[in-house]
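Beneath this line is the structure, given in structure tokens, with notes to follow.
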Amino acid sequence: MFAAKARMLAGNSLILPATLLERSRPFWSITWSGGEPKRVDVGDSPKISAQGVIAYVRDGQIWIAPLNSSEKPKQLVVRGQNHVVEWSPDGTHLVFVSTRGDHSFIGIYDAAAKS
């Protein structure tokens with residue numbers, strides 16, 4: 001069951017949730033060639049793009065981080081409570097739902113333009 005929850009990254013990394021029972025959980029990046037695991041962050045619903053970037057939700061906000069670098073995760077500044085993140089097949093756009101009280105929006109983030 002644990003192996004079924006592992007998400008593969010195109011290239012040479014694998015992302016594993018630290019536990020399957022917690023709602024917000026730490027997740028780690030591990031290169032296929034070996035070496036030490038790198039803790040990416042803590043969050044919900046991590047999704048990996050074809051470009052090697054992970055998007056996830058933490059405390060109702062969307063965060064992104066490249067898996068194969070030492071850059072710290074960056075928060076996408078979007079009003080409301082955000083959830084349901086999914087990457088486009090080519091990994092250039094991130095779609096998400098932003099809930100704002102009595103209505104919701106579908107947002108699209110352009111990873112190349114960073115907007």
Original post:
Given (1) surrounded by 14 or more Cβ atoms within 10 Å (Cβ to Cβ); (2) among the basic types (Lys, Arg); (3) modelled with pLDDT of 85 or more, where does residue 25 come up short, assuming only one miss?
Top reply: (3)
**OP:** Restricting attention to the range 76-103, report how many residues are without any contact (Cβ under 8 Å) to a residue 24 or more places away in the chain, of a type outside the set (S, T, N, Q) and closer than 15 Å to residue 63 by Cβ.
**Re:** 1
Original post:
Of the residues that make up the range 42-54, is at least one within 16 Å of residue 97 (Cβ to Cβ), modelled with pLDDT of 90 or more, β-branched (Val, Ile, Thr) and part of a strand (DSSP E or B)?
Top reply: no
Original post:
Does residue 38 satisfy the criteria of being without any contact (Cβ under 8 Å) to a residue 40 or more places away in the chain, farther than 21 Å from residue 106 by Cβ and in contact with a Phe, Trp or Tyr (Cβ under 7 Å, 6 or more places away or on another chain)?
Top reply: yes
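The values are calculated or read from the model by the stated rules, or taken from the named source; none is laboratory data. On a predicted model such as this, the values are computed, not experimentally measured, just so you know. We place every Cβ from the backbone using ideal geometry, glycine too, and count neighbours over all the protein chains shown.
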